[in-house]
Every structure is written in structure tokens, then in C-alpha cells.
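Okay, so here's the structure we're looking at.
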Amino acid sequence: MKKVQLVTCILVFSYLFGGQSAYSMASRKAEYKKNGLAIWEVKTKEKMVALTFDDGPNPIYTNQILDLLAKYHAKATFFVIGERAKQYPQVLKREVKERHEVANHTYSHIYDFDNSPAKLKKELDQSAKLIKQITGYKPILYRPVAGYYNNLILNTAIKNGYRVVLWSWTQDTRDWSCPGINKITNNVILDIKPGDITIFHDSGGDRTQTVCALENILKYLSKHDFQCVTVSEMIFRSEAIIPDPYPGKHER
């Protein structure tokens, strides 16, 4: 039975990542990280972390998450899908009003670009245009769908003015699989360290577990004096290369 499960996992992994082995992915990550083409975490001595949320906005779960972030005085980065932003513009406006960061996660949540930079550019442009129409700001960060990246995806994004942001390998909550509140919580707090980027999902299914786990995580981070900041702020404070995307526009 375990052998069958292992084979299934390998097949799923191969489908998602084009047959790339875990070794090649790790090797590629090291290369891209060294060259500064993508960001998995930030080197810092400050006790700060970045909470990120993919696939929203969602009128139920995103608002619940925003309530919790406000309760614990935490900031986050939301990698939004253009199609969903078009459906729920008021949620997007609330994210910006409360000084969270809005970033690009493509317009229609696809990751297979058929070796076409033009196709990815269109997805990024369409999503960015809509985000700017709703919020007044053009996103400066981009996260590839499903965390899938290659030379084409990274170079296309960079040429179009984006920093590519993934997540710390020890901070993948896997909340999309609904593994349970305790599992999501422990995936974060057992390995959290300064400069980490965590990944959650605020849409794409029932995110009740994510919301409940988030409160546990925020309590832990607050108790242990971690500051939750946006990805751009964390990079700016450590490298001084990315400005506040919303300077002076909104009160905290």
C-alpha cells in the first residue's frame, strides 16, 4: 500500500512540475536564490516574518483573515487572482486600506504557459491592470501558481518589473489539503525563524481550518515577539531595495 502511495505521489509531482526531480528543483532553487532571481526567505536578524495568502480574494475567508490580522496588529501579503479580484473588489480595497500588500498571482490561475512568455505577460498585465483599477496601485511582487517556476517564468516576470516570491520550504502550511488545524499550526510554529515567508490560502475551497490555525499562529508569534510584516517591507528593511508600495496613502 505504501509503495502504491509513493508511486502516486511521484506521478502527481511529475505532473505538476513537468517531470522535474526533487534534486533538480533543489539545485535550481539554489541557483536562482544565489542569482537573486527569486525569493524564498529574507536574511535578517530582526524577529520579523511575512505571512502570505494565495488565491483570493474571498468574501468570507479573506474578511475573517483580515479581522484576525487587525486583532493582532499584523500585516500580510495577498497574492490575488485577477478573476477573483474582479468578483470581489471591495475585499481587495479593504486589504489595501488596512495597509496589507496586494501582489500578482496571474489573472486566471494557470501555470502552464506552453513556453510562451507572451502568454504569461498577458496574464500578469491583465491582473495588474485590474488591481490598479480597483486599488490605485500596481503590484510589484509575483508568485507563480502552484510554486512552479523555470527560466521562462522567472525571466518574463523580472523583465516586466516583478520580484518573484515563493515561500520558505519549512513554512508550507499545505492548508489547501485541509490537514487539520493543529497540523497547519505546527507546520508554521515548530520551524519559524526571522525572515521566513509562510504560505496560506484564503480561497479555492473551505478555508475554515486556515482561519482557525491562523489565530493560533498569530497568538504564538505575538507571544514570542515576532513582527508580521509585508514581504516588501521585510525585503526593504533587510536589503533596502523595495520601497513601501503604499507610501503615505493610508493611516495604520
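The values are calculated or read from the model by the stated rules, or taken from the named source; none is laboratory data. A quick note: this is a predicted structure, and the numbers were derived from the prediction, not measured. Note: ideal-geometry Cβ built from the backbone for every residue, glycine included; neighbour counts use all protein chains shown.
Observations on the structure shown:
- Residues in the stretch 110-154 that are surrounded by fewer than 18 Cβ atoms within 10 Å (Cβ to Cβ), in contact (Cβ under 8 Å) with a residue 60 or more places away in the chain and not in a loop (DSSP other than H, G, I, E, B): Ala146 alone.
- Selection status of Tyr107, buried (at least 21 other Cβ atoms within 10 Å of the Cβ) and modelled with pLDDT under 90: no
- So Ala157, is it in a helix (DSSP H, G or I) and either modelled with pLDDT of 95 or more or farther than 19 Å from Ile199 by Cα (or both): yes
- Scanning the stretch 168-216 for residues that are β-branched (Val, Ile, Thr), touching a strand residue (DSSP E or B) at 6+ places or on another chain (Cβ under 9 Å) and either over 24 Å from Glu233 (Cα atoms) or in contact (Cβ under 8 Å) with a residue 60 or more places away in the chain (or both) yields Ile184, Ile192, Ile197, Thr198, Ile199, Thr210.
- Residues of the stretch 217-232 satisfying the condition of being in contact with a Ser or Thr (Cβ under 9 Å, 6 or more places away or on another chain), assigned to a helix (DSSP H, G or I) and either in contact (Cβ under 8 Å) with a residue 60 or more places away in the chain or of a type in the set (Val, Ile, Thr) (or both): Ile217, Val231, Ser232
- Qualifying residue in the stretch 51-63 (condition: at positive phi and free of Cβ contacts under 8 Å to residues at least 24 places away in the same chain): no
- Identity of the residue in the stretch 182-211, in contact with a Cys (Cβ under 9 Å, 6 or more places away or on another chain) and β-branched (Val, Ile, Thr), that ends up nearest to Leu69 (Cα to Cα): Thr210
- Scanning the stretch 197-205 turns up one or more residues that are of a type in the set (Phe, Trp, Tyr), touching a Leu at 6+ places or on another chain (Cβ under 9 Å) and outside any helix (DSSP H, G or I).
- Qualifying residue in the stretch 73-85 (condition: at pLDDT below 95 and part of a helix (DSSP H, G or I)): no
- Subset of the stretch 160-184 (residues that are more than 17 Å from the chain's Cα centre (by Cα) and either part of a helix (DSSP H, G or I) or under 27 Å from Lys138 (Cα atoms) (or both)): Asn160, Gly161, Ile181, Asn182, Lys183
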